[in-house]
Every structure is written in C-alpha cells, then in structure tokens.
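The values are calculated or read from the model by the stated rules, or taken from the named source; none is laboratory data. Every value quoted in this text rests on a predicted model; they were computed, and no experiment measured them. For neighbour counting, all protein chains shown are included, and Cβ atoms are generated from backbone atoms with ideal geometry for every residue, glycine included. To get the accessible areas, we keep the full protein, side chains included, count just its heavy atoms, and leave off ligands, DNA and RNA. Shrake-Rupley method; radii C 1.70, N 1.55, O 1.52, S 1.80 Å.
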Amino acid sequence: MKLASLKNGRDGRLLVVSEDLTRAVLADEVAPTLQAALDDWAHIEPSLLELATRLEAGAVNTHPFDPAACAAPLPRAYQWADGSAYVNHVALVRQARGAEMPPSFWTDPLMYQGGSDSFLAPHDPIRIDDPAWGGDFESEVAVITGAVRQGCSIDEARDAILLVMLVNDVSLRGLIPNELAKGFGFFQSKPSSAFSPVAVTPDSLGDAWDGGKLHLPLLTHLNGELFGKPDAGVDMTFDFPTLIAHAARTRPLSAGTIIGSGTVSNRDADGGPGKPVSQGGLGYSCLAEIRTVETIREGKPKTPFLAPGDRVHIEMKDAQGQSLFGAISQIVVGPSTP
C-alpha cells in the first residue's frame, strides 16, 4: 500500500496511491490525515488496504497522481530523528573535518533530533541564503513507526515499522563545525528536510525489504547527471530496528515518529572510499563525501557545494525500473526577494 498527503493546511489530506504511482483517491472516508491513521493504525489500516484494493481494481473514482501537489507524507511529525547507520560515511566526513573516529561509532549508533515542524514537500525548493553555508543534500531512507515503548526489544522495534520512504536531509556544511564545537549538536546547520511523495508499507517492497534494511540502489542525480547509486542494503552497520531501539532506550516514541538511516554510503570493492560514477563506481549520496574522497586522492576538494539553479533528484526503483516512492526533485534558490 502506498500513501501520500495532498497539500492542504498544516497536515494535508490523506491519499491512497496506486502501486504504479499514476492514480490516487482521497481517503477522507477512512482517515483525514496520515497522522490520524497512524494514531489508530490497528483499526484503520484494514480500511486503507480495502480502499487500496478497490483503487487497483478500478472500483473507485480516482484522479491522476501529481507528486508536485503533495506535501511530505507527514507534513509535520511529532519526532524526526536521523541516524548515521552507514559508518563509512561518518568516517569519511569526520576525516574531512580532521576529527578522530572513536571506535564506539562502530557499535553505538549516532543520532540527532531534527526539526519536524516544517518539512519540505518533495518538489519544494531548497533555500540557501549564503553560499558560505555550504549547502548539501543527503540522500537517505527513512521509516515511520507506530507507538514504541521505552526500552523496547529489537523484535518490537521491527514490528513497529509501519511505512518506508526517502528523505533529503539538507545540510549546511559550512555551519556544522562551529556548531559541533560548542558541544551541543546540530541546529542551524540542519534546515528543513524533504521527503518522497509516497510512503510505502513494508509488504509492498517485496523481497527488497528484509525487515530491517531496504536492498535497492538509491539513485541521486545532480543537474541531470547520475551522482550516486549505492545500495541501501549494503554497508548499513545499524539496521532500522537497531536505530529505533536506540532512540527508544530512555523514552517512548509516539506513533508517527520518523527515523532516518543517515546518508547511504557504500565502500569500494577494495574496502576503500567509493569511486565516482564517472570512474565506474557507485558514487555518493552527498557532496561532502565526494569532496572528502577528492581531498584524500588529490589533496583538495574540487566539487562545489550547492548553488542557486542546481537541481537534486532522489529516487529508488524496483527491479523492473518502476519508481517505488516517487521522486524528491528540488531546485536550489537563494534568498527570497523582498
């Protein structure tokens, strides 16, 4: 089952979307918003599944599905917590900052709590007011959970995964070092994130979903050129149940909590940093990673950070080439004109 939120007020209007992402039907008769559905998922999911079945059978009136008319599946959420499950990425970015890599990073997940009150829609622009901020995209996978009790087990965390989607965790690299040096974490350096048009129930992902990881390439294009195609199921040190259990260690999680994977990153076949797509590698899911690799191999970075007019396109396709979540497709803009 595939769900989306039509732009409407603060929380949108819930849509059930066809498997091929061509048609949609309003789910008002079942639940007005995705959050309302998540709050009573055990009772509402069967009715949504019935509506999805009728949609696929052509037994309901539908309209063409327009991703550009959609907000994020959850236009705002009670919680957005992003992990760094791909430790290869963490190691490379820390190397670029000249920061040590503690051994514990391989055994204890990193996680930050992001702003969840103003998510970007999948086709909203990315506003970067100052080039010195070092605007960057981060292509990731995310899950939406049901309610999770404090101190939950890994199995409970796995069962709590209700929906899967993609995310562009926008970062301002130029602001990160000074913020982290204060010892209090990200804030200004992590503006609003954008999410895919559609969130998908795990059963709709077939064999690509193993209960904790999504085993498909995550495709990122920058200005029409393929920038990265790493497999989201490879080199993921901490799977989603582990990340959820980590988040719930000292507090419960509300239904509608979003947990991100962190930037998807694959090592090269020789175990070293990945190669650019242009050199036969799998590429990268953010600019910071290629800049680090350039520094390692050439002494300095040459790839610039985002600039007005750049377009970022993030998508994942199944084995038949069908888009699973729709695309995050965003243009970068500068300060708004008064």
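Just to verify a result, which residue in the stretch 257-272, among those that are part of a loop (DSSP other than H, G, I, E, B) and touching a residue at least 12 places away in the same chain (Cβ under 8 Å), is surrounded by the fewest Cβ atoms within 10 Å (Cβ to Cβ)? Break it down stepwise before answering.
Pass one, the stretch 257-272, residues part of a loop (DSSP other than H, G, I, E, B): 261-272.
Now narrow it down to the ones that are touching a residue at least 12 places away in the same chain (Cβ under 8 Å): 261-268.
Details: S261: 29, G262: 28, T263: 29, V264: 32, S265: 31, N266: 26, R267: 17, D268: 15.
My answer is D268.
What tally of residues in the stretch 128-185 results from selecting those that are polar (S, T, N, Q), modelled with pLDDT of 95 or more and either within 25 Å of S265 (Cβ to Cβ) or in contact with a Gly (Cβ under 6 Å, 6 or more places away or on another chain) (or both)?
Of the stretch 128-185, the ones polar (S, T, N, Q) are 139, 145, 150, 153, 168, 171, 178.
Within this subset, residues satisfying the condition of being modelled with pLDDT of 95 or more are 139, 145, 150, 153, 168, 171.
Keeping just the survivors that are either within 25 Å of S265 (Cβ to Cβ) or in contact with a Gly (Cβ under 6 Å, 6 or more places away or on another chain) (or both) gives 139, 145, 168, 171.
Result for the stretch 128-185: 4.
So for the stretch 86-98 (the condition being closer than 23 Å to A232 by Cβ, surrounded by 15 or more Cβ atoms within 10 Å (Cβ to Cβ) and small (G, A, S)), does at least one residue qualify?
Of the residues in the stretch 86-98, the ones closer than 23 Å to A232 by Cβ are 86-96.
With surrounded by 15 or more Cβ atoms within 10 Å (Cβ to Cβ) added as a condition, the list becomes 86-96.
From what is left, the residues that are small (G, A, S) are 91, 96.
Scanning the stretch 86-98 turns up at least one residue that is closer than 23 Å to A232 by Cβ, surrounded by 15 or more Cβ atoms within 10 Å (Cβ to Cβ) and small (G, A, S).
Would you confirm whether or not the stretch 238-246 contains a residue that is out of contact with any Lys or Arg (no Cβ under 7 Å at 6 or more places or on another chain), in a loop (DSSP other than H, G, I, E, B) and of a type in the set (G, A, S)?
For the stretch 238-246, residues out of contact with any Lys or Arg (no Cβ under 7 Å at 6 or more places or on another chain), in a loop (DSSP other than H, G, I, E, B) and of a type in the set (G, A, S): absent.
Specify which of the listed residues (S336, S278, S254) is of a type in the set (S, T, Y), open to solvent by 40 Å² or more (accessible area, probe 1.4 Å) and free of Cβ contacts under 8 Å to residues at least 12 places away in the same chain. Outline the logic, then answer.
Numbers: S336 fails: free of Cβ contacts under 8 Å to residues at least 12 places away in the same chain; S254 fails: free of Cβ contacts under 8 Å to residues at least 12 places away in the same chain.
The conditions single out S278.
Rundown of residues vs (1) within 24 Å of G283 (Cα to Cα); (2) within 15 Å of the chain's Cα centre (by Cα), yes/no style:
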site	(1), (2)
T107	no, no
Y112	no, yes
G135	yes, no
R149	no, no
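Can you tell me which residue within the stretch 192-216, out of those that are open to solvent by 30 Å² or more (accessible area, probe 1.4 Å) and more than 24 Å from D66 (Cα to Cα), is nearest to the chain's Cα centre (by Cα)?
Among those that are open to solvent by 30 Å² or more (accessible area, probe 1.4 Å) and more than 24 Å from D66 (Cα to Cα), it is K213.
Among the candidates A68, A36, A52, single out the residue that is open to solvent by less than 20 Å² (accessible area, probe 1.4 Å), of a type in the set (G, A, S) and either in contact (Cβ under 8 Å) with a residue 24 or more places away in the chain or assigned to a helix (DSSP H, G or I) (or both). If you could, list the steps in order and put the result at the bottom.
On the way: A68 fails: open to solvent by less than 20 Å² (accessible area, probe 1.4 Å); A36 fails: open to solvent by less than 20 Å² (accessible area, probe 1.4 Å).
Only one candidate qualifies: A52.
Against the conditions (1) in contact with a Phe, Trp or Tyr (Cβ under 7 Å, 6 or more places away or on another chain); (2) at pLDDT 95 or above; (3) part of a loop (DSSP other than H, G, I, E, B); (4) over 27 Å from P46 (Cα atoms), where does G212 fall short? Just the number, please.
(4)
Kindly indicate which of A91, A132 is under 24 Å from G299 (Cα atoms) and without any contact (Cβ under 8 Å) to a residue 24 or more places away in the chain.
Working: A132 fails: without any contact (Cβ under 8 Å) to a residue 24 or more places away in the chain.
Just one listed residue meets the conditions, A91.
Evaluate the stretch 225-234: report whether one residue or more is in contact (Cβ under 8 Å) with a residue 60 or more places away in the chain and surrounded by fewer than 20 Cβ atoms within 10 Å (Cβ to Cβ).
no
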